[in-house]
Amino acid sequence: MNRVLITGNGAAAWGARLAATDYVPAFPITPQTEIIETLSDWIARGEMTARMVTLESEHSMLTAAGAAAATGVRVFTATSSQGLLYGMEMVYTVAGWRAPFVLVNVSRGLSAPITLEPDHNDVLAARDSGFLQIHAATCQEVLDSILIAYRLAEDSEVRLPALVNLDGFYLSFTREPVEIPEAHLVREFLPAFDPETLRFRANAPESQAVAVLGGGPYSYFRYEVHLAQGRALAAFDRATEEFQAAFGRAYAPFEAYRTEDAEILFVMMGSFATKAKAAVDALREAGTKVGLVRPRLLRPFPVTALRGHLAGKRAVAVIDQNLSMGKGGILHAEIADALYGAADAPPILASFIGGLGGRDIAPEEFYEIARITREAADSGETPPPRLLYTAAELREMRKLQTIAEAEHHMAKEAGKS
Amino acid sequence: MYRIRFHGRGGQGMKTASRILGTAFFRAGFEVQDAPRYGAERRGAPVFAYVRADRAPIFERGVILRPDLVLVADDTIVPVPGAGVLAGLDGHSILVIASDTPEDVWRSRLKIPARIVVIPLPEGEDAAERRHVGVRLAAAAARLTGVLGLGDVKGAVEEELKRLGPEATAENLNNAEVAWQWAVPHEGLVSERPAMSVADYERPQWVDLHAEDTARSAPIIRGEATSVEVRTGLWRVYRPVISHDHCVKCGLCMAYCPDGAITPNAQGFPEVDLEHCKGCMICVAQCPVHAIAAVSEADAREKETQPSLAGQGEKA
């Protein structure tokens, strides 16, 4: 067993390497990450056999990825935040092509204003693109999810690109112990891509094109992507079962931590959810029956399984590290939708927004969320949505505003003279 | 769980120090998490890195708020509020400062409940670069915990620094040993903080935000021409030097300068604003009579500081 300390970026690179990726198109400049730097280093030293091509934008990078995948080679690429948005036109397009490849996104809050730290509005902007979407919470999960993502993407019943998400800083720059699977075992789990009809041979040139179609055929093709996503749920179960048999690590569509006898549940995604696990342990010690549900698969969303798991709980607190302006937490809406109409749905579904732009969530904030949610279960009244934001933070904000106003005032005075 | 932070400036090896300590813990069988933390900083800006080590899997993430041990490579950042060196230090914490200033001076200066220990700077250490402090702090931290051996630390130094070659590795193995010996009287000084109890947690003081006037709630600063305050001249590697013997005052250099850093003087000759010229050398390429030379900044500065040649005397 090769268990080493590596960052989330390193784990992502190992995922691409062990998957025996053929082609890595990459935009090499900010906000690109060390994932691509690591791969280019390995390729240059001959430790990895793949072709890397640097492109002038994420838009071109994703076009190259989709085009290469359409010829039947195994493709890997990566981006982050603004880069994912810059390539967004092609994110939707290559999913429509049914081009199977894996894209890693390192989550970072979006501009404006600017932050370097994570939240999930970047990756959620790709939610409705047709990409399969897996969210990792540890560096180990980053590596493993990439291998599983290839199985899903290349499954002949699915044939869609897959996005694996990890949080900037909290995973991307953080070293943790990661077990690097044996290459020959990975080869058994993930054999060479059998592209069947997806192929291109230079001695038999052919063209692939996407036609301009009216609403009827358009509806058919778009809905087929939706149905293929539905089939990815079964493909995910098949892949993760084999993965567990080969490597011993189990990956359900969502992680359920100490949920069996839980009365209230936290629901959240990404690496901050491990903080929630620490809080669950502490709260359990103090006698509160609380657990955590963390969706790994966001697309396809495991609606039925989630509904079954949340059934009968007294209350659920969804902690969203994202914000749909004018609506609220996106995961909260997804969970509400999944639970609507279920006979034994939890009567309380509370919404908390926290961790925007990497803003920390302190242990005592989880305790407070648990307290509020339990009180809501007792009273039967759902609390209003809550942004995790303290008086101390607002005081700091007021200081910044005072400086900005002083600057503005000085500029106006200078303009008068 | 051990929670340890390293503070220094960008370029002083704080990330490497955290990785050496992290790897030492890992080699000793601990679960480990280590990470650097910085913004859009450059060399010289305050940065920090942290290590968590435990015998069970670690669920905690992010910045360490209540450290058991804080180590500072550059004592000039201790009083800088933005560096956050003193954040979360209490009676349980130990603060190790690499400094030539004695412990009692630091104690009276800082007046904090944490115990302060000063580790002397390596002899002949460059005050700005501090190339050797990081490894020493990592080795000292290891011994301060009392749960790691010198073999763990030396193995970690070899593992983390092998990319730098055998010479740098040998030098730093020596650094580690020196610090290991220094830390003898302090062995076991640092201990794991007892877990916080849920029963007596301090409730977060959450506030409700309200919609405010847009002029106030949009992230925009309307100030004076603040870019003038940014001395981009520091970026320059080459400096344009204009020969008045050849200049025909055509003004093309002023027109092409992307920073508006060339303006005419009283005689109509172009003059370069060296505080803002970034050294792109577009003016050199555009000058039709080749009156502008690209002079290496190092040479130009050397001339400036030689009064006999420049004839300008001492500059402040």
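More than 14 Å from B:T145 (Cα to Cα), in contact with a strand residue (DSSP E or B) (Cβ under 7 Å, 6 or more places away or on another chain) and outside the structural domain of B:A141 (by TED's automatic domain parsing): does that describe B:P194?
no
Check the stretch A:76-97 and report whether any residue there is surrounded by 24 or more Cβ atoms within 10 Å (Cβ to Cβ) and farther than 27 Å from A:D119 by Cβ.
For the stretch A:76-97, residues surrounded by 24 or more Cβ atoms within 10 Å (Cβ to Cβ) and farther than 27 Å from A:D119 by Cβ: absent.
Quick one: which of A:L213, A:L171, A:L166 is outside any strand (DSSP E or B) and surrounded by 12 or more Cβ atoms within 10 Å (Cβ to Cβ)?
Of the residues listed, the single one that is outside any strand (DSSP E or B) and surrounded by 12 or more Cβ atoms within 10 Å (Cβ to Cβ) is A:L171.
Scan the stretch A:334-367 residue by residue and report those that are more than 21 Å from A:S271 (Cβ to Cβ) and either in contact with a strand residue (DSSP E or B) (Cβ under 8 Å, 6 or more places away or on another chain) or facing chain B (nearest Cβ under 8 Å) (or both).
A:A336, A:L339, A:P346, A:P347, A:I348, A:L349, A:A350
Within the stretch B:28-73, restricting attention to residues that are within 14 Å of the chain's Cα centre (by Cα) and within 11 Å of chain A (Cβ to nearest Cβ), which residue is surrounded by the most Cβ atoms within 10 Å (Cβ to Cβ)?
Selected residue: B:A49.
Mind telling me which of the residues A:E285, A:E364 ends up being over 16 Å from A:A262 (Cβ atoms) and of a type outside the set (S, T, N, Q)?
A:E364
Given the options A:A232, A:A228, name the one that is among the hydrophobic types (A, V, I, L, M, F, W, C), touching a strand residue (DSSP E or B) at 6+ places or on another chain (Cβ under 7 Å) and either assigned to a helix (DSSP H, G or I) or within 15 Å of A:A95 (Cα to Cα) (or both).
On inspection, the qualifying residue turns out to be A:A232.
So A:K399 clears everything in (1) free of Cβ contacts under 8 Å to residues at least 40 places away in the same chain; (2) within 11 Å of chain B (Cβ to nearest Cβ); (3) part of a helix (DSSP H, G or I); (4) not hydroxyl-bearing (S, T, Y) except one condition, right? Which one?
Only one criterion is unmet by A:K399, namely (2).
From the list A:Q244, A:Q229, pick out the single residue that is within 30 Å of A:L18 (Cβ to Cβ), free of Cβ contacts under 8 Å to residues at least 24 places away in the same chain and away from chain B (no Cβ under 14 Å).
Criteria check complete, one pass: A:Q244.
Residues being within 19 Å of B:L150 (Cβ to Cβ) and in contact (Cβ under 8 Å) with a residue 40 or more places away in the chain: count how many of those fall in the stretch B:31-59.
Qualifying residue count for the region: 2.
Can we say A:A404 is closer than 30 Å to A:L283 by Cα, over 30 Å from the mean Cα position of the chain (by Cα) and at the interface with chain B (Cβ under 9 Å from one of its Cβ atoms)?
It is false that A:A404 is closer than 30 Å to A:L283 by Cα, over 30 Å from the mean Cα position of the chain (by Cα) and at the interface with chain B (Cβ under 9 Å from one of its Cβ atoms).
I'd like the full set of residues that are β-branched (V, I, T) and either more than 7 Å from chain A (Cβ to nearest Cβ) or more than 30 Å from A:F366 (Cβ to Cβ) (or both), limited to the stretch B:204-221.
Selection gives B:T214, B:I220, B:I221.
Please state which of the following conditions B:V85 fails to meet, knowing it meets all the rest: (1) within 22 Å of the chain's Cα centre (by Cα); (2) away from chain A (no Cβ under 12 Å); (3) in a loop (DSSP other than H, G, I, E, B); (4) surrounded by fewer than 21 Cβ atoms within 10 Å (Cβ to Cβ).
Unmet condition: (4).
What tally of residues in the stretch A:373-396 results from selecting those that are surrounded by 12 or more Cβ atoms within 10 Å (Cβ to Cβ) and either touching a residue at least 40 places away in the same chain (Cβ under 8 Å) or facing chain B (nearest Cβ under 9 Å) (or both)?
Matching residues across the stretch A:373-396 total 12.
Identify the single condition in (1) modelled with pLDDT of 95 or more; (2) surrounded by fewer than 24 Cβ atoms within 10 Å (Cβ to Cβ); (3) out of contact with any Asp or Glu (no Cβ under 7 Å at 6 or more places or on another chain); (4) not acidic (D, E) that A:L110 does not satisfy, given that it satisfies every other one.
(3)
Does B:V190 count as within 30 Å of A:I361 (Cα to Cα), within 14 Å of chain A (Cβ to nearest Cβ) and out of contact with any Cys (no Cβ under 9 Å at 6 or more places or on another chain)?
In short, no.
Show the residue pairs that are 6+ apart or on different chains and have beta-carbon atoms under 8 Å apart, the first residue being within the stretch B:152-166 and in the same structural domain as B:K15 (by TED's automatic domain parsing), the second being not in a helix (DSSP H, G or I).
B:D152/B:A28
Okay, residues lined up against (1) under 30 Å from B:V153 (Cβ atoms); (2) within 9 Å of chain A (Cβ to nearest Cβ); (3) among the acidic types (D, E); (4) exposed (fewer than 11 other Cβ atoms within 10 Å of the Cβ):
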| residue | (1), (2), (3), (4) |
| --- | --- |
| B:L173 | yes, no, no, no |
| B:A179 | yes, no, no, no |
| B:A195 | yes, yes, no, no |
| B:A199 | no, yes, no, yes |
| B:E202 | no, yes, yes, yes |
| B:G223 | no, yes, no, no |
| B:E229 | no, no, yes, yes |
| B:T232 | no, no, no, no |
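Which of (1) assigned by TED's automatic domain parsing to the domain that holds A:F173; (2) in contact with an Asp or Glu (Cβ under 6 Å, 6 or more places away or on another chain) is the odd one out, the single condition A:S271 does not satisfy?
Result: A:S271 fails condition (1) only.
The values are calculated or read from the model by the stated rules, or taken from the named source; none is laboratory data. What you see is a predicted model; the values in this text were computed from it and never measured. For neighbour counting, all protein chains shown are included, and Cβ atoms are generated from backbone atoms with ideal geometry for every residue, glycine included.
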